[in-house]
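The values are calculated or read from the model by the stated rules, or taken from the named source; none is laboratory data. Just so we're clear, the structure is a prediction, and the values are computed from it rather than from any experiment. Don't worry about glycine lacking a Cβ; one is built from the backbone with ideal geometry, like all the others, and counts go over all protein chains shown. To get the accessible areas, we keep the full protein, side chains included, count just its heavy atoms, and leave off ligands, DNA and RNA. Shrake-Rupley method; radii C 1.70, N 1.55, O 1.52, S 1.80 Å.
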Amino acid sequence: MCGCRCCCGRPSAPSDADAGSARGTAGGGQGKQDGALPGPDPTHLAVDEAMPELVVTALLAPSRASLRLLRALVRGLVVSVYVCVLGSNWRRSSCLCLPSAAFDTCLPCPQSSGLRLHYVSAGRGNGPLMLFLHGFPENWFSWRYQLREFQSRFHVVAVDLRGYGPSDAPTDVDCYTTDLLVADVRDIILGLGYSNCILVSHDWGALIAWNLSIYFPSLVERMVVISGAPMSVYQEYSIHHVGQLFQSNYMFLFQLPWLPEKLLSMSDFQILKSTLSNRKTGIPHLTPSELEAFLYHFSQPGGLRGPINYYRNIFRNFPLEPQELATPTLLLWGEKDPYLQHGLVGAISSRFVPDRLEAHILPAAGHWIPQSHPRELHRYMWTFLRDLLD
């Protein structure tokens, strides 16, 4: 057998006959010289060359595997960043026409802050101003049922809060403090030519409404609050009920810069889609067109920054002093609200001047009462406002 390396890199051992033949040829052809050094054996050289290569290959194998794994991780990271940054671009670029029905879409209202806020209204001249403030992640469209219901007896106005929809959206976090949000609502009421209003609010809009009623009580004749507590009540309640903090854990994530916007926009805004359309905790029977009415403006460049900046200011004034509540208020709460415990209703009641609060917990309702249970909401509202109409 030959002494060269085979394909696997291991040399074959020479037979005794081959070794003897080699020795005999060397002795007969050249003659044996006393004291001469023996020549190198080619077979031994092949073995010596092969062994270091095997050792080097074995030593490098883990490093090569690590490099392949690192390369795969980097590729995955690049793809993930691409999805986060460009995910919003996957939405269609043309704006969906919101189904405003018989309502007039008014020009944005000039503000003392220099911002312009968009609103939708109907029924001007039919009665007192009824102003609607939406929550997150919504816009004026969340009040579509109430606009139709109350336009016959009220001038109904649903506003897009700053940072939402076509309304102006400053980029600075400091432009979304509670004081500025309250000032926006005050300017809308006065800018529309009214001295006060019936204020209807939900979620984040409720937090703004509570503050307006506390600091500008003359602007609020009656208040309807749905699924939202005064911030001072929420803070005190959460300290004694840790479960509420867990139900609102997303607020802590929203304190981070840029990351919440990226997460919410991933996979074509899948998190927001699930929040709004989940079978158990979302808005029942939400159609694709209605879902698009909420998501479209969030999908625009910077569309999520303003709404998230609301949360980045939520702990700015902590702790808050207890505040007495005196504005006549109708409070509605969903017993199955996944974000706010219905124990907050009792905490809110304890802060109220006697006989100024009417509170109801709807057994089958969740967080989105204006859209999930409009008939029950309308019935309570008509009863609550009956004396004003009379």
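The figures follow:
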{"item": "In segment 238-255, the residues that are open to solvent by less than 30 Å² (accessible area, probe 1.4 Å), assigned to a helix (DSSP H, G or I) and touching a residue at least 24 places away in the same chain (Cβ under 8 Å)", "result": "Q244, M251"}
{"item": "G114 vs. criteria within 24 Å of R222 (Cβ to Cβ) and either open to solvent by 20 Å² or more (accessible area, probe 1.4 Å) or in a loop (DSSP other than H, G, I, E, B) (or both)", "result": "no"}
{"item": "Segment 145-160, residues that are open to solvent by 10 Å² or more (accessible area, probe 1.4 Å) and part of a loop (DSSP other than H, G, I, E, B)", "result": "Q151, S152, R153"}
{"item": "Tally, over segment 123-158, of residues that are farther than 25 Å from L272 by Cα, at pLDDT 95 or above and touching a helix residue (DSSP H, G or I) at 6+ places or on another chain (Cβ under 8 Å)", "result": "9"}
{"item": "Pairs, first among the aromatic types (F, W, Y) in segment 256-274, second open to solvent by less than 60 Å² (accessible area, probe 1.4 Å) and not in a loop (DSSP other than H, G, I, E, B), C-beta under 7 Å, six or more apart", "result": "F269/L295; F269/F298; F269/S299"}
{"item": "Filter pass, K280 being surrounded by 15 or more Cβ atoms within 10 Å (Cβ to Cβ) and either assigned to a helix (DSSP H, G or I) or out of contact with any Ser or Thr (no Cβ under 6 Å at 6 or more places or on another chain) (or both)", "result": "no"}
{"item": "Single residue of L264, L291 found to be touching a Phe, Trp or Tyr at 6+ places or on another chain (Cβ under 9 Å) and either at pLDDT below 95 or closer than 27 Å to Y145 by Cβ (or both)", "result": "L264"}
{"item": "Pairs where the first residue, in segment 196-213, is under 17 Å from L340 (Cβ atoms) and the second is part of a strand (DSSP E or B) and hydroxyl-bearing (S, T, Y), C-beta under 7 Å, 6+ apart", "result": "I208/S201; A209/S201"}
{"item": "Close pairs from segment 221-237: first farther than 21 Å from R186 by Cβ, partner open to solvent by 10 Å² or more (accessible area, probe 1.4 Å) and at pLDDT below 95, Cβ under 7 Å, at least 6 apart", "result": "Q235/F318; Q235/P319; Q235/L320"}
{"item": "Residue check, L190 over 16 Å from R351 (Cα atoms), assigned to a helix (DSSP H, G or I) and open to solvent by 10 Å² or more (accessible area, probe 1.4 Å)", "result": "yes"}
{"item": "Residue within segment 379-390 that is at negative phi, out of contact with any strand residue (DSSP E or B) (no Cβ under 7 Å at 6 or more places or on another chain), among the acidic types (D, E) and without any contact (Cβ under 8 Å) to a residue 60 or more places away in the chain present", "result": "yes"}
{"item": "Qualifying positions in segment 351-379 - of a type in the set (F, W, Y) and under 11 Å from T329 (Cβ atoms)", "result": "F352"}
{"item": "Helices (runs of 4 or more DSSP H) wholly inside segment 298-390 containing at least 3 residues that are surrounded by fewer than 19 Cβ atoms within 10 Å (Cβ to Cβ)", "result": "343-349, 374-384, 386-389"}
{"item": "Search result, residues across segment 215-249 that are of a type in the set (V, I, T) and in contact with a strand residue (DSSP E or B) (Cβ under 7 Å, 6 or more places away or on another chain)", "result": "V220, V224, V225, I226"}
{"item": "Test set (1) closer than 22 Å to I271 by Cβ; (2) at pLDDT 95 or above - I314 fails condition number", "result": "(2)"}
{"item": "Boolean, L295 is in contact with a helix residue (DSSP H, G or I) (Cβ under 6 Å, 6 or more places away or on another chain), open to solvent by less than 40 Å² (accessible area, probe 1.4 Å) and under 30 Å from M381 (Cβ atoms)", "result": "yes"}
{"item": "From the options T171, T178, residue that is surrounded by fewer than 17 Cβ atoms within 10 Å (Cβ to Cβ), closer than 28 Å to L264 by Cβ and polar (S, T, N, Q)", "result": "T171"}
